């Protein structure tokens, strides 16, 4: 039996055309009728998810993604159809739902632990682990209302992750916290994959789907439009919304010249074995890859890329023109692949890639996509600056003669010398 199975599931909502929020509006509304519109959120969805699968659910706003997860979790009942679940389930649909702002951080986690079914013998340890994971140990005795919105979201995520269940439903919960917290979340995802837990992830971050999910489901207008390998489903989704096929989830900023003969159509990052990645240890080699489509015949285009920080500061940029290499003539309908190996000698954090294609003289930009892909660097000991040059500091006590000799060699008089 599958972990989750939907058979012919339908769900519709009545949307009022007029909403009354004040007493005056309610009184006046007695003299006129309120009309409603029927919105079909799900239309006969058939879906079976096997045990141990990691499934990403993608689609535009209003396509039915969150509704489907709420029906799987039991928060909503379908109007028609059947839902079967085999195993215990935890749903991370709204972070911090059920928290009380008048209780302390620790009290909220303890209360939430009981709701989520933390193992009774381990409850105290799990509560402490959740607070540490959220990185708010200093605030464990502070009332929740005194925490920032981001801290509350991190606490909700960290608390829910501590629950032991066979199936996890995750709805747009990976965008919380700073880069360090997101690195922790990625570690947890890798752990879940090793444990072969069944996970259904609803997200707009296509990079997470490509890097973690074994299967992707595309919803369009409440129906399954595509189901299968993420490498095939993601391009289908992006083609339907008319975007470049960005492999790592960040809304890109595109500048495309009218009548551009060459356009960027897909972007991603690989490790040395050719596997798509979104996370790399500092000092490791990665390969940035972009596919360009030739709309017209063109002689020797220039292609290149740039690396930037989260605030837009430039880190590195390079292209075929600066490299001194000449590209080939391309013909209409051809695909051009750009591969650029580089070493991620960077500090911890998230970095963004931009890609572009220009004319032969590199004076006219035909297509430029900023923040087209992103990757997280971890494992660096650098605290200031952008680069991690892998430097080492040596310390030793030098004898007086050696110190004077070194000073003279460096062009300075030794101790007692004259200037």
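The values are calculated or read from the model by the stated rules, or taken from the named source; none is laboratory data. This is a predicted model, so every value here is computed, not measured. Cβ sites come from the backbone with ideal geometry, for glycine too, and all protein chains shown count toward neighbours.
Regarding residue 250, is this residue in the same structural domain as residue 294 (by TED's automatic domain parsing), at pLDDT below 75 and under 19 Å from the mean Cα position of the chain (by Cα)?
Answer is yes for this residue.
Taking the residues in the range 364-400 that are surrounded by fewer than 10 Cβ atoms within 10 Å (Cβ to Cβ) and modelled with pLDDT under 85 as candidates, determine which candidate is nearest to residue 298 (Cα to Cα).
Here the answer is 384.
Any idea which residue in the range 184-220 is surrounded by the fewest Cβ atoms within 10 Å (Cβ to Cβ), counting only those that are out of contact with any strand residue (DSSP E or B) (no Cβ under 7 Å at 6 or more places or on another chain) and not in a helix (DSSP H, G or I)?
Once the filter is applied, the top-ranked residue is 196.
Anything in the range 99-119 that is within 15 Å of residue 162 (Cβ to Cβ) and touching a helix residue (DSSP H, G or I) at 6+ places or on another chain (Cβ under 9 Å)? List them, or say none.
Listed by number, the residues that qualify are 99, 105, 106, 108, 109, 110, 112, 113, 114, 116, 118, 119.
Scan the range 336-345 and tell me whether some residue there is buried (at least 17 other Cβ atoms within 10 Å of the Cβ), over 17 Å from residue 285 (Cα atoms) and at pLDDT 85 or above.
Within the range 336-345 (the criterion being buried (at least 17 other Cβ atoms within 10 Å of the Cβ), over 17 Å from residue 285 (Cα atoms) and at pLDDT 85 or above), the answer is yes, since at least one residue qualifies.
Hey, among the residues in the range 211-229 that are within 17 Å of the chain's Cα centre (by Cα) and more than 23 Å from residue 41 (Cβ to Cβ), which one's modelled with the lowest pLDDT?
211
Hey, any hits in the range 279-294 for a residue that's surrounded by fewer than 21 Cβ atoms within 10 Å (Cβ to Cβ) and over 23 Å from residue 212 (Cα atoms)?
yes
The conditions are (1) surrounded by fewer than 19 Cβ atoms within 10 Å (Cβ to Cβ); (2) modelled with pLDDT of 80 or more; (3) touching a strand residue (DSSP E or B) at 6+ places or on another chain (Cβ under 7 Å); (4) not in a loop (DSSP other than H, G, I, E, B), and residue 232 fails exactly one of them. Which is it?
Checking residue 232 against (1) surrounded by fewer than 19 Cβ atoms within 10 Å (Cβ to Cβ); (2) modelled with pLDDT of 80 or more; (3) touching a strand residue (DSSP E or B) at 6+ places or on another chain (Cβ under 7 Å); (4) not in a loop (DSSP other than H, G, I, E, B), the one that fails is (3).
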